[in-house]
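Report on the structure given below.
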Amino acid sequence: MGKIVLYTNVKGGVGKTTLCGIFATYLANSGRTVAVVDADLQQSLFRHRKRDLQQNPDASLPWEINTLRDRAPEEVAIIMEGLKQLPYDVIIDCPGNLVDPNLEVIYSNADIAVVPIHYDSDTLDATQMFCETFKAHFAAKMFFVPNGIVSVEERREHLQQERDKAIELLKAYGTVTPRVKRSVVISDYNTLLPLTIYQRNAVKYAFEPIINELQKGGAE
C-alpha cells in the first residue's frame with residue numbers, strides 16, 4: 001500500500017500548496033503513481049488545476065486531484081480509510097489552521113507530515129506551537145522544508161543565526177531538509193506539465209529525505 005503525505009502548517013505564506021503540487025508532479029515524473037486531495041477551504045490547488053486545464057484542456061493528467069470541500073467529518077473518515085488502502089501514495093494539501101473539523105481524522109491517518117517554513121520568528125513561533133500540538137496527538141513523521149529562501153539574505157550573519165536557531169528547534173520534532181531557494185521557476189509551476197530541469201534541481205535535495213521515507217515499505 002502507498003502512504004498518506006500531508007503538506008501542512010498553521011502559518012500562511014510559506015508555500016505549502018505550491019510545494020504540495022510540485023511534490024506530486026515530482027513523484028509522477030519519477031514514475032510513481034500518486035493522487036492529490038485538496039482539503040484546504042480555499043481550494044487553491046484544486047483551482048490551480050482547473051485554470052491549467054482551461055488553458056490546455058487536452059493535456060494528460062500527471063495526477064488526479066479531488067477535494068474534501070463540504071464533506072462532514074464522518075464522510076472524511078470513510079474517505080481516509082479508503083485512501084489508506086490504495087496501492088499508491090496520496091498527497092493532501094491541508095487547511096492552514098487547527099480548527100477545521102476534518103483535521104483530526106486527516107492527521108490521524110497520515111504517515112508523513114511535510115511542514116514548509118520560513119526562518120523568521122513569527123513563522124517559527126507558529127510552527128513550534130503547531131508541532132507541539134501535532135506531536136502530542138499524532139504519529140506521522142515530520143519533515144520541515146525551509147522554503148522561499150533568498151540566498152543573498154541567507155548569508156547575512158543575523159539570518160544565519162535565525163536559521164541555525166530554527167534548525168535546532170525543529171530537530172526536536174522531526175527532520176529539517178535542505179532549503180528551497182526563492183525563484184521564478186517555482187512560482188511558474190503548472191499542475192499539468194512535467195517539471196523542467198530547473199524546477200527539479202530547485203527542489204530535489206529538499207524532497208530526497210521525504211522520498212526516502214516514502215520508499216520504506218511504500219508503493220513503487
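Conditions (1) of a type in the set (Val, Ile, Thr); (2) in contact with a helix residue (DSSP H, G or I) (Cβ under 9 Å, 6 or more places away or on another chain); (3) on the phi < 0 side of the Ramachandran plot; (4) at pLDDT 95 or above, marked per residue:
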| site | (1), (2), (3), (4) |
| --- | --- |
| Ser30 | no, yes, yes, yes |
| Val34 | yes, yes, yes, yes |
| Phe46 | no, no, yes, yes |
| Asp52 | no, no, yes, yes |
| Ala72 | no, no, yes, no |
| Leu83 | no, no, yes, yes |
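Consider Ile186 carefully, then state whether it is of a type outside the set (Lys, Arg), closer than 21 Å to Tyr88 by Cβ and surrounded by 13 or more Cβ atoms within 10 Å (Cβ to Cβ).
Judged against the criteria, Ile186 is not a match.
Filter the stretch 195-212 down to the residues that are over 20 Å from Pro62 (Cα atoms) and surrounded by 13 or more Cβ atoms within 10 Å (Cβ to Cβ) and list them by number.
Within the stretch 195-212, Ala206, Pro209 qualify.
Can you find a residue that is open to solvent by less than 10 Å² (accessible area, probe 1.4 Å), at pLDDT 95 or above and over 14 Å from Ala110 (Cα atoms) anywhere in the stretch 8-19?
yes
Answer yes or no as to whether Ser30 is over 22 Å from Val184 (Cα atoms), among the hydroxyl-bearing types (Ser, Thr, Tyr) and either surrounded by fewer than 20 Cβ atoms within 10 Å (Cβ to Cβ) or out of contact with any Gly (no Cβ under 6 Å at 6 or more places or on another chain) (or both).
yes
Do we find that Ser151 is among the small types (Gly, Ala, Ser) and open to solvent by 40 Å² or more (accessible area, probe 1.4 Å) in this structure?
no
Test of understanding: among Asp125, Asp111, which residue is out of contact with any Pro (no Cβ under 9 Å at 6 or more places or on another chain), open to solvent by 40 Å² or more (accessible area, probe 1.4 Å) and more than 21 Å from Asp38 (Cβ to Cβ)?
Asp125
So is Ala77 surrounded by 22 or more Cβ atoms within 10 Å (Cβ to Cβ), within 28 Å of Met129 (Cα to Cα), at pLDDT 95 or above and not β-branched (Val, Ile, Thr) or not?
No; evaluated as a whole, the condition is false for this residue.
With under 26 Å from Leu98 (Cα atoms) and open to solvent by less than 70 Å² (accessible area, probe 1.4 Å) as the only criterion, which of Leu169, Leu159 stands out?
Leu169
Let me confirm something: among Ile186, Ile117, which residue is within 27 Å of Leu103 (Cα to Cα), among the aliphatic types (A, V, I, L, M) and in contact with a Ser or Thr (Cβ under 7 Å, 6 or more places away or on another chain)?
Ile117
Could you please let me know if Leu192 is over 17 Å from Asn9 (Cα atoms), open to solvent by less than 20 Å² (accessible area, probe 1.4 Å) and either at pLDDT below 95 or out of contact with any strand residue (DSSP E or B) (no Cβ under 9 Å at 6 or more places or on another chain) (or both)?
yes
Listed residues Phe134, Phe138, Phe130, Phe144; which is open to solvent by less than 60 Å² (accessible area, probe 1.4 Å), under 18 Å from Arg182 (Cβ atoms), in contact (Cβ under 8 Å) with a residue 12 or more places away in the chain and of a type in the set (A, V, I, L, M, F, W, C)?
Phe144
The values are calculated or read from the model by the stated rules, or taken from the named source; none is laboratory data. Just so it is clear, the model here is predicted, and its values are computed rather than measured. As a convention, Cβ positions derive from the backbone with ideal geometry for all residues, glycine included, and neighbour counts pool all protein chains shown. Areas reflect the complete protein model, heavy atoms only, side chains present, ligands, DNA and RNA absent. Shrake-Rupley method; radii C 1.70, N 1.55, O 1.52, S 1.80 Å.
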